[in-house]
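Q: Submitted below is the structure of interest, expressed as structure tokens.
The values are calculated or read from the model by the stated rules, or taken from the named source; none is laboratory data. The model shown is predicted, which means the values in this text are computed figures rather than measured ones. As a convention, Cβ positions derive from the backbone with ideal geometry for all residues, glycine included, and neighbour counts pool all protein chains shown. Quick note on the areas: whole protein, heavy atoms, side chains included, nothing else; ligands and nucleic acids left out. Shrake-Rupley method; radii C 1.70, N 1.55, O 1.52, S 1.80 Å.
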Amino acid sequence: MNSIRQVPSRVKTKRTETNLGAEREHFDKQQLSSISKAINSNEAPVKEKHARRIILGTHREKGAFTFWSYALGLPLSSNSILSWKFCHVVHKVLRDGHHNGNLHDRYGQLVALYAKLLCTKMEFHVKHSEIRANLEVTDEVLERVAGTDINNVFQLTVEVFDYLDTELRLAETVIRQLNTSIAISTLTSGQCRLSPLIQVIQDCSHLYHFTVKLLFKLHACLPADTLQGHRDRFHDQFHSLKTFFNKARDMMYFKRLIQIPKLPESPPNFLHAASLAKHARPVVVIPDEDEPEQVDDDDDDPEPLINVSDVTMPSMAVPQQFDIFDQTFGPANGGFDDRDIQIENLKQDLELLRTDLERVKGEAQRYITQLKSQINSLEAELEEQRVQKQRALVENEQLRMELEATRRRNAEHESVQATFGEAETRAQATEQRYNKLKEKHTELVSSHAELLRKSADTVKMLSATQQTQEEVERTKQQLAFEVDRIKQDADMKLEEQKFEMEKLKREFDEKKAEVERVKGTLQSNEKVGEQQTRSMSALQAEKERLMHSVSEKEAALSALRHAAQLQQSSLQQERERSTRELGELQGRLQEKSSREEQLQQKLLEEQFSLLQGTVSEAESIIQDAVAKLDDPLHIRCTSSPDYLVSRAEATLGSIDKVKRGHSDYLTNMGDVGGLLRALTQFSHLAADTIINGSATAHMAPTDHADRLTENCRGCATQSLQFLKDLKSKASLQRADPASIRIVVQKILRLGKELRPKGVDVRQDELGDLVDKEMAATSAAIEEAVRRIDEMMNQARKDTSGVKLEVNERILYSCTDLMKAIHLLVLTSTDLQKEIVEGGRGAATIKEFYARNSRWTEGLISASKAVGWGATQMVESADKVVLHTGKYEELIVCSHEIAASTAQLVASSKVKADRNSTKLTALQQASRRVNEMAANVVASTKTGQENLEDKDTMDFSGMSLIKLKMEEMESQVKVLELENQLGNERLRLGELRKKHYDIAGVPAADLSEGNGLAPSAASEPSSPKPSKPSIMRKPALAQKPNLPPKNMFR
């Protein structure tokens, strides 16, 4: 335990309350001085002694209460350098201060990054309280924090990644600012930025080690594909950290303050578990030399930095420290007491125990390292065995395929080999029979020799006896008969040679016995001699026959052997020829395949070049259509919404064809015909849609015109982007015309909105539509009156003086106009009822309206015009009161309302009785509306004159030449304004003329004056009113159905 922990108790026992108050006052004064000197607006690094005193203060009061009580009052938002130094000091307090110290331009960016780093650091250590703020923990503590749940390990890895990212982002920003400014590490301005990076380097070395350990643990439990993102993020952080360390190592400022470790050339290979043994934990070393400090005149005596890490780091040796309070206030009773001596003895014993503990821990760590190395080596061998097993499986599969091929080749020669085997079998059987016959022949030869000797004796005996001649002749005949019979048996039973030979032997024995009997007597001798002679002849014939058979068998055997040799040689030649032909055929096949691949590749390239050419042509068509949007000559071109809708629908159909053609081309890239045809049709239809959309926008209302033009440009942009994707092989797969479809659908909806709505109404619905439009017009006017009242009340609250007077005058006149319009609508409704009742006869009201459809459409158009004019009047008045609109808009709206009411009166007057009192009341209401509209115009102009400040024209100080120059400039402006006025009048005339064309009013029906056209009175069945050719608004039936604007604020 450090002696600083015992200071408060000792002070309480040995000092009075007065001394404690003085000490506290001195402590507060010292802390305030250190904080003000450490955190100031001077662009110089924070001095270590000031930060040391602040840290000592947190340990003295066991918290950072005094520090925060003064630091919270600093004007951090007024000076970026002050904020930067504040973050630096807070970082130091977080790392080395007391654990109970809880934390509640160029430097602007650094302050923001530093604040984010400190927040990340506090969040991390609050969540993982076992990891100390200085990050100096052992691997066992890290394993305990990670736990065994792989989800916790995964989450901890992500948090360490985020922690390291904030550290590196701050370091990179500081280095980048130094590189882009004149500040270097040897100047105070550069050192002011670099000094906090010492703590960043310390943190980064530990965080890098944590990341490596956690990633190896994750790779041991999860597949490599799942952790691909972690590996990529680690590689980026590794290279950033290595670059930061290398740059910091080259700076003179860091060389005397910190030793920065070197990282390996390449990041660890997490896919190989044995790479963990090669990882070495980077160690940052802070030299023990004191920082050279300049002595300030107003600084107190320097105080040594106490070692506060012994509270949480038992593995570090703690040198003997003097009591900070004894050094400041003097030792109690002039020196140490007995308890101090006991404390020192206990410290020494504790140091010995710590040394033994460190030694035991070192040995245990060494054993653990050895075991881990063995585990890694075994894992490496296991991985190598797995690789060899996989390689053996592949080789086994290759051998199996080769064996199958060999079996197929051998199957072709099985028939020949079977024939050769049969021939060889027959040859072996023949040879066996030949050996047996040869043995029998040897026996017969020996028997024949003996018989010859006996025959000689017999001949001698025959020569002695002539009497037995006849008996011998008979015996010869019998022997000849027996020889013939034996010869026949031998021919019939060739396969039973052995049996025949034994039979012959038995007969020979019988003959021999018979010759022996002949020896006894002469008669018997003659007979035996004849028998022997016949036997000898038979044996001789049999011998010859057997010799002939043996020679034939030998010849047949040799012939078979020769044939077998010829067959084998022919088979060998056939095999060689087949192998040679097979090789030639395979070579030709490979050559043909390569040629076909080249042709196929050439075909694909030609098809893609055709696609590129078609896409380029399509781009030219689209770009030409886009260029016409900004062409001044195209402004005079117009188109109808119906034609635009037809073009947009055709374009949507072509987009579907393009999508199908694109899908077919991706499936079969050898056929691009369908896509080319679809692209050609699509480019023309899209260009046609763009051009007609722009032409339709020339006669559409401003809101619709702007949206339609914007969508036409968007269609061109999306089309060009889609065509650009088709031109590149890299983006061909992701090309999708869906965005074009969305834009064309928007154009289609706008075209449908711009269609004349009167055309879509059936004649049987005209009667209901008249009542609805009149009711809607009346409701719109009532709503306008209500809104004007609200605007009046709001204007009285928000304005005063001249502005209030002007606003009240304008709003009063608008209210009177709305009331007059409302009276006009009611009078018109009464007159229409009178017309319908007087002219329908026996028909119904709907039939009357259907029969007079053009007159009915004129009423509907006039009613819509009045309602629309009232709404626009309210909107314009609201803008004028709020000073966001122009007074001219209010004047134009007044003219529009006057023209619309005139149209309504004219439409009603066509069918009305000239002597009708209701017609007279309608005309009076119309005059009243005109008067009220004139009042609105007059009040608007008067208010505009009252509010606009006109400069007094004082030309007294100008010379003659200056006056002449001003006169010329004024003439130029007059000419320009007159030219603009003429052009705008021409444009207004063209717009009105086009409006009449769209409304379907023929030119012959337009009168030159303010009266009605002659055709209107002559054709009662077509009572469509006409208007003056100038300053008259066409029938509003052709206006698009615009969504009503919100009438409530």
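Q: Hey, can you tell me all the residues within segment 251-264 that are over 19 Å from VAL212 (Cβ atoms) and within 40 Å of the chain's Cα centre (by Cα)?
A: Matches in segment 251-264: none.
Q: Could I ask something else about it? Might you check whether a residue that is in contact with a His (Cβ under 9 Å, 6 or more places away or on another chain), open to solvent by 30 Å² or more (accessible area, probe 1.4 Å) and at pLDDT 85 or above occurs anywhere in segment 112-132?
A: Yes, the conditions are met somewhere in segment 112-132.
Q: Of the residues LEU804, LEU826, which single one is open to solvent by 10 Å² or more (accessible area, probe 1.4 Å), at pLDDT 70 or above and within 60 Å of the chain's Cα centre (by Cα)?
A: Only one candidate passes the filter, namely LEU804.
Q: Restricting to segment 552-583, count the residues that are under 27 Å from THR430 (Cβ atoms), open to solvent by 60 Å² or more (accessible area, probe 1.4 Å) and polar (S, T, N, Q).
A: Selection size over segment 552-583: 5.
Q: Could you list, in sequence order, all residues of segment 282-302 that are surrounded by fewer than 16 Cβ atoms within 10 Å (Cβ to Cβ) and modelled with pLDDT of 75 or more?
A: VAL283, VAL285, ILE286, PRO287
Q: Tell me, yes or no, whether segment 50-65 has at least one residue that is charged (D, E, K, R), at pLDDT 85 or above, part of a helix (DSSP H, G or I) and under 53 Å from the mean Cα position of the chain (by Cα).
A: yes
Q: Next up: Could you grab me the full set of residues in segment 172-207 that are modelled with pLDDT of 85 or more and among the hydrophobic types (A, V, I, L, M, F, W, C)?
A: Within segment 172-207, VAL174, ILE175, CYS192, LEU194, LEU197, ILE198, VAL200, ILE201, CYS204, LEU207 qualify.
Q: Determine the pairs where a residue that is under 14 Å from LEU164 (Cα atoms) and of a type in the set (Gly, Ala, Ser), located within segment 204-221, has a partner that is at pLDDT below 90 and open to solvent by less than 10 Å² (accessible area, probe 1.4 Å) with Cβ atoms under 8 Å apart, the partner being 6 or more residues away or on another chain.
A: none
For every residue, the table says whether it meets (1) at pLDDT below 75; (2) among the hydrophobic types (A, V, I, L, M, F, W, C); (3) open to solvent by 100 Å² or more (accessible area, probe 1.4 Å).
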{"residue": "VAL394", "(1), (2), (3)": "no, yes, no"}
{"residue": "LEU399", "(1), (2), (3)": "no, yes, yes"}
{"residue": "ALA411", "(1), (2), (3)": "no, yes, no"}
{"residue": "THR419", "(1), (2), (3)": "yes, no, no"}
{"residue": "ARG426", "(1), (2), (3)": "yes, no, yes"}
{"residue": "GLU431", "(1), (2), (3)": "yes, no, no"}
{"residue": "HIS448", "(1), (2), (3)": "yes, no, no"}
{"residue": "ALA456", "(1), (2), (3)": "yes, yes, no"}
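Q: Something else: Among the candidates GLN794, GLN733, GLN745, GLN763, which residue alone is open to solvent by 70 Å² or more (accessible area, probe 1.4 Å), modelled with pLDDT of 80 or more and either in contact with a Gly (Cβ under 8 Å, 6 or more places away or on another chain) or of a type in the set (S, T, N, Q) (or both)?
A: None of the other options fit; the residue is GLN733.
Q: While we're on this one: Contact list please: Cβ distance under 9 Å, first residue in segment 571-587 and at positive phi, second residue among the hydrophobic types (A, V, I, L, M, F, W, C) and surrounded by 10 or more Cβ atoms within 10 Å (Cβ to Cβ), pairs at least six apart or on different chains.
A: Hits for this filter: zero, empty list.
Q: Take ILE690 and tell me if it is closer than 19 Å to SER654 by Cβ, among the hydrophobic types (A, V, I, L, M, F, W, C), surrounded by fewer than 21 Cβ atoms within 10 Å (Cβ to Cβ) and at pLDDT 90 or above.
A: Answer is no for this residue.
Q: I need the full set of residues from segment 69-85 which are open to solvent by 30 Å² or more (accessible area, probe 1.4 Å), assigned to a helix (DSSP H, G or I) and hydrophobic (A, V, I, L, M, F, W, C), in order please.
A: LEU76
Q: Which of the following residues is in a helix (DSSP H, G or I), under 23 Å from ARG987 (Cβ atoms) and small (Gly, Ala, Ser): SER646, SER654, SER694?
A: SER694
Q: Which residues, taken from segment 377-392, are open to solvent by 100 Å² or more (accessible area, probe 1.4 Å) and not polar (S, T, N, Q)?
A: LEU378, GLU381, GLU384, ARG386, LYS389, ARG391
Q: Condition (residue is touching a strand residue (DSSP E or B) at 6+ places or on another chain (Cβ under 8 Å), part of a loop (DSSP other than H, G, I, E, B) and at pLDDT below 90) applied to segment 262-281: is it met by at least one residue?
A: no
Q: Of everything in segment 931-977 that's open to solvent by 80 Å² or more (accessible area, probe 1.4 Å) and of a type in the set (A, V, I, L, M), which residue is modelled with the lowest pLDDT?
A: MET953
Q: Filter segment 356-376 down to the residues that are loosely packed, with under 11 Cβ neighbours inside 10 Å and more than 46 Å from the chain's Cα centre (by Cα) and list them by number.
A: ASP356, ARG359, VAL360, GLU363, ARG366, TYR367
Q: Starting from segment 23-46, take each residue that is modelled with pLDDT under 90 and list its partners that are assigned to a loop (DSSP other than H, G, I, E, B) and open to solvent by less than 30 Å² (accessible area, probe 1.4 Å), counting only C-beta distances under 6 angstrom and pairs at least six apart or across chains.
A: Matching pairs, first to second residue: ALA38/VAL46.
Q: Now, a different point. Among SER719, SER683, which is the only one that is within 29 Å of GLU606 (Cβ to Cβ), surrounded by 15 or more Cβ atoms within 10 Å (Cβ to Cβ) and more than 29 Å from the chain's Cα centre (by Cα)?
A: SER683
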